1. Could you name the lysines in cross-link range of LYS84, using Cα to Cα under 18 Å and dropping any fewer than eight places away on the same chain?
2. Between VAL29 and ARG116, how many nm apart are label points set 7 Å from Cα along the C-beta direction?
3. Suppose every Lys and Arg Cβ carries +1 and every Asp and Glu Cβ carries -1, with no other charges. What dipole size does region 5-121 come out with about its Cα centre, to the nearest 20 debye?
4. Quickly rank 42-55, 14-27, 107-120 as a protection proxy: mean count of other C-beta atoms within 10 Å, highest first.
5. So, how do all the Cα-to-Cα distances of region 1-87 break down into 10 Å bins, in percent, from 0 on up?
Amino acid sequence: MSSVKTVDRNRRNRHETRTITVFEATAAVAETEWEPHVAAIIQVERDVIVRQADTGFWKRSFETSIYLSNRPVAAKIAANAIRKHWGIENKSHYTRDVTFREDASRIRTNPGIFARLRSIAYNVLRCNQSETMPQDRFAAALGGLESVLAMVFSRER
């Protein structure tokens, strides 16, 4: 068992303390179908104090998350990996929701296909990004419009 504590002070009116504890999973998964797949159980306890804008008071919350690892891992490495994962998740989901308005989508037939198309578009725009995702999306739309107009005008002659 290994453990580490991390603290984020006053980030966006919140103070978060995380305690990451890694347990060896051998005994917990012995003689189950999980035995070959789980080597460590990672427990993350988050103690968060958030300032309420309307009252100015601080509100405390506490939550525990459990992660599984297929390899033995040190608590410090696990803490870093979990933080990086959520950074990627948040960046991707925020962009997909704000720029592509994915949450407002009314597509009900085969929504997975359109989600994959948005993922492809997101990856292409991210690789070619100049300044911001909305600007790149707008430029790509104009580029597509220019191509269509060029085809239309070339047929008319």
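1. LYS5, LYS76
2. The answer from the label model is 2.9 nm.
3. Working: 21 positive and 14 negative charges, 166 e Å.
Computed about the Cα centre, the dipole is about 800 debye.
4. Values: 42-55: 13.5, 14-27: 16.4, 107-120: 11.0.
My ranking of the peptides, most packed first, is 14-27, 42-55, 107-120.
5. 17, 40, 26, 12, 5, 0
No lab work stands behind these numbers, since they all come straight from the coordinates. Because the structure is a prediction, the values reported are computed rather than measured. As a convention, Cβ positions derive from the backbone with ideal geometry for all residues, glycine included, and neighbour counts pool all protein chains shown.
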